[in-house]
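The structure appears below as structure tokens.
Computed from the coordinates by the stated procedures, all read-outs in this text should not be read as laboratory data. Here the structure is a predicted model, which means the values were calculated and not measured. Positions of Cβ are backbone-derived with ideal geometry, glycine not excepted, and every protein chain shown enters the neighbour counts.
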Amino acid sequence: MVGAPMRIAIVGTGYVGLVTGAGFAEFGHHVTCVDVDAKRVDMLRRSEMPFHEPGLAELVRRNAAHGRLHFTTQLREAVTGSLAVFIAVGTPSQEDGAADLSYVLEAAREIARVMDGYTVIVTKSTVPVGTADKIRAAVEAETEQPFSVASNPEFLKEGDAINDFLKPARVIVGADDPRAIDLLRDLYRGIMRTTDRIQVMSIRSAELTKYAANAMLATRISFMNELAAFAEVVGADIESIRKGIGSDPRIGSKFLFAGAGFGGSCFGKDLRALGYMARELDVPLQVVTAADRANERQKKTLGERVLRHFGKLEGRRIGIWGLAFKPETDDIREAPALTLIEQLRAAGASVVGYDPVAGPNVRAALGDAIEVVDEPYAAATGADALVLVTEWHELRQPDLARLTDVMRTRVLFDGRNVWPREEARAAGFTYYGIGRS
Ligand code: NAD
């Protein structure tokens with residue numbers, strides 16, 4: 001029935017699966033989320049979140065309380081009676097850069113074995129062009145049940161994911177079966193009250209749209225980072241240049257910040273996967289490959305600067321503010337802070353870090369390679385230098401008088417160009433930014 005709440009399943013309750021499940025439940029649908037990680041499912045049943053995402057806990061709690069959102073480890077329980085099943089499992093990088101599709105294809109086979117009637121199998125995971133064909137073949141090998149495959153890539157930003165899901169700029173639907181298209185339109189009806197933001201296209205175009213979006217965003221950042229290094233050498237200021245070009249409507253002001261390099265689980269992985277596809281097909285995508293290479297270089301910039309300033313780091317204590325790959329998340333996957341910590345440690349420094357929420361993840365990943373403290377000024381205490389890596393709001397306005405009191409030597413490395421440079425210098429600090437002197 002058109003517009004009626006639907007029963008759906010989400011396979012994988014990571015950042016994408018959980019936000020998607022909670023979001024569809026918020027639109028009134030009946031959602032069962034399934035994950036192979038029993039600990040995670042137990043937590044979710046108690047409405048405890050496996051990661052930090054603003055607003056998510058409340059959304060999950062409310063929809064679970066209304067009986068619209070369920071969690072299970074039993075795929076059959078989730079898939080039985082579901083019209084659409086979303087695959088939201090990981091697609092990590094393999095050594096050669098290719099996306100590892102084994103989780104996606106395994107999920108597809110498992111869905112095929114338990115589905116009990118017409119089902120639309122939808123990929124939310126970011127998957128290489130042509131994956132839908134592989135899913136179709138994998139499912140056909142397991143079942144006689146009728147089904148369609150569709151692509152519905154996810155564009156959420158960690159840290160603002162709920163907003164992105166509930167009020168998306170667009171919803172991309174890749175499908176060739178009208179029944180699947182209608183079903184996905186119905187599912188998203190809740191957000192289409194004012195404008196129709198659904199863009200229907202071929203499955204291959206939808207698969208590629210996701211890579212194109214991440215590659216474009218990553219390229220902008222890498223472009224600004226390379227330009228920042230150039231600006232520094234020629235005595236220009238990347239912040240003036242950013243404003244100068246960002247005010248041109250053809251360019252726009254978003255995603256133009258020079259910094260410590262991008263991290264996160266998507267940009268690097270997706271650039272590498274797209275680059276791999278291009279190499280396999282012998283079609284040059286040089287800009288994409290360069291954006292990735294420039295970023296690997298950029299992630300080392302802060303560490304190299306610290307080393308250049310001090311000459312040697314043995315016996316030095318370096319404080320780091322911000323460990324997550326960006327503000328408002330506790331995700332540390334491919335975080336620039338991890339590269340910095342490794343460089344500083346390799347050069348003999350002791351490292352002490354603070355992050356509003358990512359501390360436990362860093363502790364779990366690095367053990368005693370770094371001292372993680374629960375208060376920003378504790379990370380600066382006794383430090384020879386303080387480095388800002390992640391620009392959380394609470395870290396943007398340092399109390400310079402307090403830093404003067406607690407630091408051993410007054411050296412600041414502002415990896416995001418947000419600290420007050422002139423004030424810091426007036427207070428006797430040596431200040432380094434990115435792309436400015
Ligand atoms: P994640 O690693 O946080 O979550 C994946 C989850 O899937 C895990 O909980 C894992 O236990 C579960 N899982 C794996 N195999 C399973 C199976 N067979 N059955 C049930 N559960 C299974 O991953 P993520 O960050 O949510 O990313 C998922 C996909 O979405 C990736 O392709 C990623 O590129 C894409 N994506 C991520 C983001 C993001 O910001 N994280 C944004 C857009 C798209």
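Please give the peptides 156-169, 397-410 ranked by average Cβ packing (other Cβ atoms within 10 Å per residue), highest first, as a rough proxy for protection. Walk me through the intermediate numbers first.
Numbers: 156-169: 16.9, 397-410: 15.1.
In decreasing order of mean packing, 156-169, 397-410 become 156-169, 397-410.
How large is the Kirkwood hydrodynamic radius of the chain, in angstrom, based on all distinct alpha carbon pairs? Let's see the in-between values first.
On the way: mean 1/r = 0.0430 Å⁻¹.
Hydrodynamic radius (Kirkwood, Cα pairs) of the chain is 23.3 Å.
For the chain, list the DSSP H helices whose alpha carbon atoms reach 24 Å or more along the long axis and whose average Kyte-Doolittle value is -1.0 or above?
On the way: long enough: 203-234 (47 Å, 0.56).
Those that clear 24 Å and a mean of -1.0 are 203-234.
State, to one decimal in nm, how far the label point of ASP96 lies from the label point of THR143, with both points 7 Å from Cα in the Cβ direction.
Each label point lies 7 Å from its Cα, and together they span 3.1 nm.
Report Rg(Cα)/(2.2 N^0.38 Å) for the stretch 299-432, keeping two decimals. Walk me through the numbers before you get to the answer.
Values: Rg = 13.2 Å, N = 134, 2.2 N^0.38 = 14.1 Å.
Rounded to two decimals, the normalised Rg is 0.94.
Among rounded, prolate and oblate, which fits the stretch 7-201 when a ≥ b ≥ c are the square roots of the eigenvalues of its C-alpha gyration tensor, a/c under 1.5 means rounded, and a/b larger than b/c means prolate?
Numbers: a/c = 1.30, a/b = 1.18, b/c = 1.11.
In terms of gyration-tensor shape, rounded.
Evaluated at 20 °C with a viscosity of 1.002 mPa s, what Stokes-Einstein diffusion coefficient in µm²/s does the stretch 1-52 have when Rh comes from the Kirkwood expression over alpha-carbon pairs?
Details: Rh = 11.5 Å.
It diffuses with D of about 187 µm²/s by this estimate.
Relative contact order for the chain using alpha-carbon pairs under 8 Å, separation at least 6, rounded to a whole percent?
Working: 878 pairs, mean separation 53.6, N = 437.
Over the chain, the number comes to 12 percent.
Quick one: what are the phi-derived ³J(HN,Hα) couplings along the stretch 80-97, Karplus 6.51/-1.76/1.60 with θ = phi - 60°, whole Hz, x for glycine and proline?
4, x, 8, 7, 10, 10, 9, 9, 10, 8, x, 10, x, 6, 8, 4, 7, x
Helix-derived [θ] at 222 nm for the chain: sum -39500 (n - 2.57) over DSSP H runs of at least 4, divide by residue count, nearest 500? Don't jump to the answer; show the numbers that get you there.
On the way: 18 runs with 190 residues, N = 437.
That comes out to -13000 deg cm²/dmol.
Just need the relative contact order of the stretch 1-76 here, percent rounded to a whole number, with Cα pairs under 8 Å and 6+ apart. Walk me through the numbers before you get to the answer.
Values: 109 pairs, mean separation 25.7, N = 76.
Result for the stretch 1-76 is 34 percent.
Could you work out how much longer the chain between SER240 and MET201 gets when fully extended? Use 0.36 nm per residue separation minus the Cα distance between them, nm to one decimal. Write out the running numbers ahead of the final one.
On the way: separation 39, 0.36 × 39 = 14.04 nm, distance 3.99 nm.
Roughly 10.1 nm would be gained on extension.
Compute the relative contact order of the stretch 299-432 as a whole-number percentage, counting only Cα pairs closer than 8 Å that sit 6 or more residues apart in sequence. Display every interim value, and only then the final one.
Numbers: 271 pairs, mean separation 32.9, N = 134.
Dividing the mean separation by the residue count of the stretch 299-432 yields 25 percent.
Return the distance in nm (one decimal) between the two label points of a simple spin-label model at SER253 and ALA401, each offset 7 Å from Cα along Cα→Cβ.
Between SER253 and ALA401, the simple spin-label model gives 3.2 nm.
For the stretch 263-321 and the stretch 31-70, what is the separation of their C-alpha centers, rounded to whole Å?
Their Cα centres are 34 Å away from one another.
At R0 = 56 Å, how high is the FRET efficiency between ALA426 and MET49 if r is their beta carbon distance? Nearest 0.05 is fine.
Numbers: r = 43 Å, r/R0 = 0.77.
Efficiency at R0 = 56 Å is approximately 0.85.
Can you tell me which of 373-385, 38-50, 253-265, 15-27 comes out highest on packing, and rank the rest after it, using the mean Cβ neighbours within 10 Å?
Working: 373-385: 19.2, 38-50: 14.8, 253-265: 21.8, 15-27: 25.3.
The peptides rank, most packed first, as 15-27, 253-265, 373-385, 38-50.
Amide H of ALA383: which non-local residues (sequence gap of 5 or more, or other chain) have their own amide H closer than 5 Å, using H built in the peptide plane?
Here the answer is ARG408, since their amide H atoms fall under 5 Å of that of ALA383.
Mind listing the Cα extents of the stretch 238-313 along all three principal axes, in Å, largest one first?
The Cα atoms of the stretch 238-313 stretch 47, 38, 21 Å along the principal axes, largest first.
Sequence gap of 8 or more, or different chains, plus Cα separation below 13 Å: how many lysine pairs satisfy both in the chain?
Details: LYS124/LYS210; LYS157/LYS167; LYS157/LYS210; LYS157/LYS326; LYS210/LYS269; LYS243/LYS254.
Lysine pairs satisfying the spacing and distance rule in the chain number 6.
Rounded to the nearest angstrom and ordered from largest down, what semi-axes does the equivalent ellipsoid of the stretch 54-131 get from its C-alpha gyration tensor (root of 5λ)? Could you put the intermediate results ahead of the total?
Values: eigenvalues 132, 72, 20 Å².
Square roots of five times the eigenvalues give 26, 19, 10 Å.
Among VAL85, SER240, VAL60, which residue has its Cα positioned farthest towards the positive end of the charge dipole of the chain, with +1 placed on the Cβ of Lys and Arg, -1 on the Cβ of Asp and Glu, and the dipole taken about the Cα centre?
SER240
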